[in-house]
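> The structure's right below; bear with me while I get my questions together.
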Amino acid sequence: MKKNLNRSFLSFFFAFFCLSLILSNSVKAQSVTASGTNSTCPNGASITAATNGLASPVSYQLLKGTTIIRPLGGSGWTSNNIFTDLPADTYTVKARGNNDDATIVTSAPITVTETYTPVTASVSPISITGCTSSTVGTLTVSASGGSGNLSYGITAVDQTTAPTTFQSSPTFSGLAAGSYKFWVKDNNCITSTIINTTGVLTVNQPNPATQYNLDYVYLTLQNTSTSAGGYQIKASQFFTGNYVYLPSSQWSFYTVEVRNVSTSTTFAAQPYNPNGSYTFAAGTVLPGQTLEYILRNTCDGTSKVFPVLQKGPDVIPFATCGIAQAEYRVMEVSLVSVPATIYFTDNGTSNPENTKTIVVNNQNDGPTYINFTPNTKVNWYVVDNNGKIWPGGILDFTVDLTAGNSNASFVYSIPNKCVLNKAQILVKLGGVPQQTTGLTYEVTSSNNSLVPIGKTGSLVPGPFNQNYLLEYTTGVNDWPSGKYTVKLHSSATASGCYEGVSVDVDSYGYDATITGVTKTATCGSFNFTVNGTFNRPQEYELVILTGPGTTPGTTRNIDANGTAQSFTNMPYGDYTVGLKVKGENCILVNLEPITFNASSSIDFDAINSGGFACGPNGKGDLVISASTVIVGATLEYSIDNGLNWQSSNVFPNTPTGTYPIKIKETACGTETTQNVTVIQTIQATINNNPISESVCVGDNAVLNINAIGGTVYTWTYPDGSTRTGKVQNLTNITSAMAGIYSVVVTTASCISPAQTVTLKVVTKPTVNAVSAQTACNGELKAISFTGTQALEYSNSTTSNPITTIYNWTNDNPAIGLSAIGSGDISFNAINTGTTPLVANITVTPNTGIGCPGSSQTFQLTVNPNVAKPTITGPTIFCTSVGATLTSSASTANQWYKDGVAISGATEQTYLVTSVGSYTVAINGNGSCSAPSDPIVLTESACKITSTKTIVGNPSSVKPNDVLTYNITLTNNFGTAKTGITVSDAVPSTLTNITGISNGGTLTNGTINWSALTVPANSSLTLSFTATVIPTLPAGTTQIKNVASVVDPIDPNNPELPEVVVPTEGKITSTKTIVGNPSSVKPNDVLTYNITLTNNFGTAKTSVTVSDAVPATLTNITGISNGGTLTGNTINWSALTVPANGSLTLSFQATVIPTLPAGTTQIKNVASVVDPIDP
């Protein structure tokens, strides 16, 4: 954290610095850079720092992460800009000028590398086999790493001091059997570790013959086609224990021989070779004689005898399920010469089909099958190629080999040797013919959720006769480990055997869990043991997959208790180890890499090694911090290159400077050399910074001092209390903890002056909560923040305020506000869409030196634009009443007068009481709009209003209708209106005027009312009755009645309420002949028109017309308007004559050819019926 020793001074300095920067280009930025030199030896890298713009004197710190590496001791500053004796790593450099913490700058990370790899060495154990122990041999050190310039020494295995003589060759010859310690040192790097390792030379005598076994030994034919060629021994390899075969390197120490017990003859011994043969001359050995096969150890004379077996033909009853089937074979170890003939005959006379002959041409261990009639017996015997008859026996197929379908059994589980917890399940179905198909199963119980009850599958032929594998999925026979019950099903192809039979089976796969690796150091090497849990433990072995030298391929067994053998005296290096099944190449479990190197035997702590002097030209204690993992070992130290050694890790009264210190562990003698420094000055720090540090309330701080080798560290706190310990952890800091801390370091040689450091405590600022905000698209939105300032305490009672910086973030920059910023907010809101945009604004109060306070988050909604609303309402109003304006938007309105928002005016309507220009805008409910077009209201006097109506609101009137007229006067004001006069000039189309209300008088057709009073906020209705005259003048389409209402407040502008009603009357009609002929004659064609005329203001409907055409007319056609002809009469119905219009009906008729005598005219009369007067 930045220091704040004098805020006023720093503020002044910053202002002055900025001004100087503007006025002069000579001011340089302050920085520090670091360059590194890589190392080819252990801990030999260096870093050099260079600064720019820092005032003298410049001081430095070298850090790895947050840990100070230099100065030694983990805190403080040094004037030395070169840092040496560094291990490979990534570092940073801090620098400051003129002891001013305000100028601290930090370099970019700098990485230095070390191309040196630790020396590793191993000596492969050599085993020499011989009959005596006097054999000598050679051991060779296999070493890698280091500079490449290595030398080698040899000592007794228990020696813990490196030899004085080394040689360049890694090979040591003429060694007797025993263990030796071999030493390897790097001639180029003094800081490298001198390592040692152990080598073993063993002289082994071959195992006694009594320890070996074999699987079989048979007397067989030398020539399979004839016994005349003599006989030979065919035997498996000899092995010990769990099939550890006699190694080829020891074959020469063993012989094999054969003794014919029947003739008391012993044949000559032969060198053992499992690939060779032991043959007999013709006639020396015969079938039926008792023979022994003898293994003899030529070193110790031990021997072991094995009986020699003799084999004839094999024929057995095999199956009775569905068919009778026999199995036969002549094995490769058989004494039956081939080709051989097998004769089968019926054991009776009723089944001649059982008589068969089979020729076996070759010896073969694989069986062959032949079928016979079920439920019969068959005799058999064999005649070989030499004519020898081999007696047979009876094949009894009357015995049910399925034992009533009860001969089904679980054989065993065949574990997958490459995948854990997987195994095949093998069952035996006795009496089933070979390679039977169509067998299936279903699972009826399971203790493994991976195998559900109800699972089904097939049985496939297994590796042995009448053995079947339960197929898990198609083509896959491995089952998850578990215990199951399966029910067998047999199709017609399986003859129904074992249908519905249940068998309990196991899938018992390999299951192993590695729980860890235990490593222990030994001299020049190490041991490791793999820990875990194992089922079938003796079937596993651990194998080194990769490792130093010749270690790959090394194996260790696991005993019956699940304890693995240890890998002992293993050379240093990196290993990968796998768990596998013996005899297999695939790995079941790959362990995590195992690493142990020479450096592991001595662990040197560079940070806590060193010392300090108590004053100028003084001396101090040089302390070494190191440990060893070698069991039972202690460390010794030398400051004079090994001339003198001491068990104490402290060298007292040592002058300042750097010393090469040799460190040796006593059990094996491994050595390392490390540079250790005694420094001149020490300094106390807070969080690795000296002088002072500002820390936030609630945070933690660490007090430290770069003084290595102190026996007592005494700290004095600002409250006067004391604590001991090099490092002090201050937790959950409060303002009461601010002040000066001092520390005194005591060593065996001196007591240091008090070193002080100041803790400044900064409280956290606050920001007040901000309510949810809204804005419209295009609006300039401003939001201000307030809160409480932070305080910086230099002691528990003294503090200075710190200006608050408000930092904010915005999770939706689409609103037009940037994602981050500081200070108050002011921006132009953006939302060009159709839905609101919502942003969460989080504001955090902070200071220039950190210590942010708690954040506050609020929502800012930017609403989109919608179409501007419109205003309806009057443009003139009277002051005492006002005028109501209405917005086209039902909600979210804001009314404005002369461009200024009217407070609280947010409803759809607004009552205007003063003149001005009024607009309305939508702002809310997720949308905004531009203001409406303005409506300008002016003020006028408050006049009454009036309306005129006819009671019943008739749609039309007709002669003689009696009408009642109402004149309604309305006063919308708060006071009664008096002195009102009303006149009504009744039109001439009305007569018989009666029922005049409110004292009105009738004079010459005009009704007059005077001195009328209309109550406040009420109305007054005037009425009279009039009758429509019996005969309305032609063309009278309506009756209009207008009244005149005079308000004394404005007598020159009376109200003129009126009412207009259309008229209704009886239609008229005419009938004409087109052309108006003066006469007609026979056969003339006449066109008649009947014209209906409506002279009134409403349409006439439902009119009917009929025309009885006289007998002098015929051939009536062209009837218009939907008329129909019945007999000689034309009828029209539901006719409509438009208001103030006419309708013409027409038809054609022909004068009959012969008019009756005396016919002087043709008269045609139509009948027109008006519903008004039917």
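> Quick one: in the range 1126-1140, of everything that is part of a loop (DSSP other than H, G, I, E, B) and of a type in the set (Gly, Ala, Ser), which residue is surrounded by the fewest Cβ atoms within 10 Å (Cβ to Cβ)? First the steps, then the outcome.
First, the residues of the range 1126-1140 that are part of a loop (DSSP other than H, G, I, E, B): 1127-1128, 1138-1140.
Now narrow it down to the ones that are of a type in the set (Gly, Ala, Ser): 1127, 1139.
Values: Gly1127: 7, Ala1139: 17.
Applying the filter and picking the extreme gives Gly1127.
> May I ask you to list the residues in the range 384-407 that are touching a Lys or Arg at 6+ places or on another chain (Cβ under 7 Å) and part of a strand (DSSP E or B)?
Start the filter on the range 384-407 by keeping residues that are touching a Lys or Arg at 6+ places or on another chain (Cβ under 7 Å), which leaves 394-398.
Result: Ile394, Leu395, Asp396.
> Do we have any residue at all in the range 774-789 that's within 37 Å of the chain's Cα centre (by Cα) and surrounded by 12 or more Cβ atoms within 10 Å (Cβ to Cβ)?
Yes, the range 774-789 contains a residue that is within 37 Å of the chain's Cα centre (by Cα) and surrounded by 12 or more Cβ atoms within 10 Å (Cβ to Cβ).
> Also, quick follow-up: Suppose we keep only residues that are hydrophobic (A, V, I, L, M, F, W, C), closer than 19 Å to Thr193 by Cα and in contact (Cβ under 8 Å) with a residue 24 or more places away in the chain within the range 150-170. Which one would you say is surrounded by the fewest Cβ atoms within 10 Å (Cβ to Cβ)?
Looking at the filtered set, the residue picked out is Val157.
> Any residue that is surrounded by fewer than 16 Cβ atoms within 10 Å (Cβ to Cβ) and touching a strand residue (DSSP E or B) at 6+ places or on another chain (Cβ under 9 Å) - is there at least one of those in the range 140-149? Give the derivation first.
Quick first cut of the range 140-149, residues surrounded by fewer than 16 Cβ atoms within 10 Å (Cβ to Cβ) only: 148-149.
Then drop every residue that is not touching a strand residue (DSSP E or B) at 6+ places or on another chain (Cβ under 9 Å), which leaves 148-149.
Yes.
> I've got another one for you. Looking for whichever is in contact with a strand residue (DSSP E or B) (Cβ under 9 Å, 6 or more places away or on another chain), loosely packed, with under 15 Cβ neighbours inside 10 Å and not β-branched (Val, Ile, Thr) here; the options are Gly1065, Gly1123, Gly1097, Gly1075. Which one fits? Let's see the steps before the verdict.
Details: Gly1065 fails: loosely packed, with under 15 Cβ neighbours inside 10 Å; Gly1123 fails: loosely packed, with under 15 Cβ neighbours inside 10 Å; Gly1097 fails: loosely packed, with under 15 Cβ neighbours inside 10 Å.
Unique residue meeting the criteria: Gly1075.
Quick grid of which residues meet (1) in a loop (DSSP other than H, G, I, E, B); (2) assigned by TED's automatic domain parsing to the domain that holds Val1137; (3) farther than 30 Å from Pro1153 by Cα:
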| residue | (1), (2), (3) |
| --- | --- |
| Leu1020 | no, no, yes |
| Ser1023 | no, no, yes |
| Asn1053 | yes, no, yes |
| Thr1072 | no, yes, no |
| Asn1076 | yes, yes, no |
| Thr1087 | no, yes, no |
| Thr1093 | no, yes, yes |
| Thr1098 | yes, yes, yes |
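> Next question, about the same structure. Taking Asn953 as the residue in question, decide whether it is on the phi > 0 side of the Ramachandran plot and outside the structural domain of Gly1097 (by TED's automatic domain parsing).
Answer is yes for this residue.
> Select from the range 975-1003 the residues that are part of a loop (DSSP other than H, G, I, E, B) and among the small types (Gly, Ala, Ser) and write down the one among them that is farthest from Pro1054 (Cα to Cα).
Gly995
> Do you know which residues across the range 442-476 are of a type outside the set (Gly, Ala, Ser), under 41 Å from the mean Cα position of the chain (by Cα) and within 17 Å of Ser409 (Cα to Cα)? I'd like the intermediate steps shown before the answer.
So the first thing to find is which residues in the range 442-476 are of a type outside the set (Gly, Ala, Ser), and the list is 442-444, 447-448, 450-453, 455-456, 459-461, 463-474, 476.
The next check asks that each one be under 41 Å from the mean Cα position of the chain (by Cα); those that pass are 442-444, 447-448, 450-453, 455-456, 470-474, 476.
Scanning the range 442-476 gives Glu442, Val443, Thr444, Leu470, Glu471.
> Same structure again: Tell me the residue from Asn689, Asn641, Asn700 that is crowded, with 19+ Cβ neighbours inside 10 Å, over 19 Å from Asn608 (Cβ atoms) and of a type in the set (S, T, N, Q), please.
Asn689
> Sticking with this one: Taking the options Gln538, Gln565, name whichever one is in contact with a Ser or Thr (Cβ under 9 Å, 6 or more places away or on another chain) and surrounded by fewer than 16 Cβ atoms within 10 Å (Cβ to Cβ).
Values: Gln538 fails: in contact with a Ser or Thr (Cβ under 9 Å, 6 or more places away or on another chain).
The match here is Gln565.
> Picking from Ala1139, Ala1108, Ala1157, Ala1149, which residue would you name as being under 25 Å from Thr1063 (Cβ atoms) and outside the structural domain of Lys958 (by TED's automatic domain parsing)?
Only one candidate passes the filter, namely Ala1139.
> In the set Thr804, Thr758, Thr722, Thr746, which member is among the polar types (S, T, N, Q), closer than 23 Å to Cys696 by Cβ and either surrounded by fewer than 16 Cβ atoms within 10 Å (Cβ to Cβ) or not assigned by TED's automatic domain parsing to the domain that holds Gln856 (or both)?
None of the other options fit; the residue is Thr758.
> Kindly evaluate Val112 against the criterion of being modelled with pLDDT of 85 or more, surrounded by fewer than 23 Cβ atoms within 10 Å (Cβ to Cβ), closer than 30 Å to Pro571 by Cα and not acidic (Asp, Glu).
In short, yes.
> Restricted to the range 896-949, and to residues that are under 60 Å from the mean Cα position of the chain (by Cα) and at positive phi, which residue is surrounded by the fewest Cβ atoms within 10 Å (Cβ to Cβ)?
Selected residue: Gly904.
> If we scan the range 854-873, do we find a residue that is under 30 Å from Ala1016 (Cα atoms) and modelled with pLDDT of 90 or more?
Yes, there is a match, as at least one residue in the range 854-873 is under 30 Å from Ala1016 (Cα atoms) and modelled with pLDDT of 90 or more.
The values are calculated or read from the model by the stated rules, or taken from the named source; none is laboratory data. Nothing here was measured: the structure is a model prediction, and the numbers come from that model. Here Cβ is always computed from backbone atoms with ideal geometry, including for glycine, and neighbour counts include all displayed protein chains.
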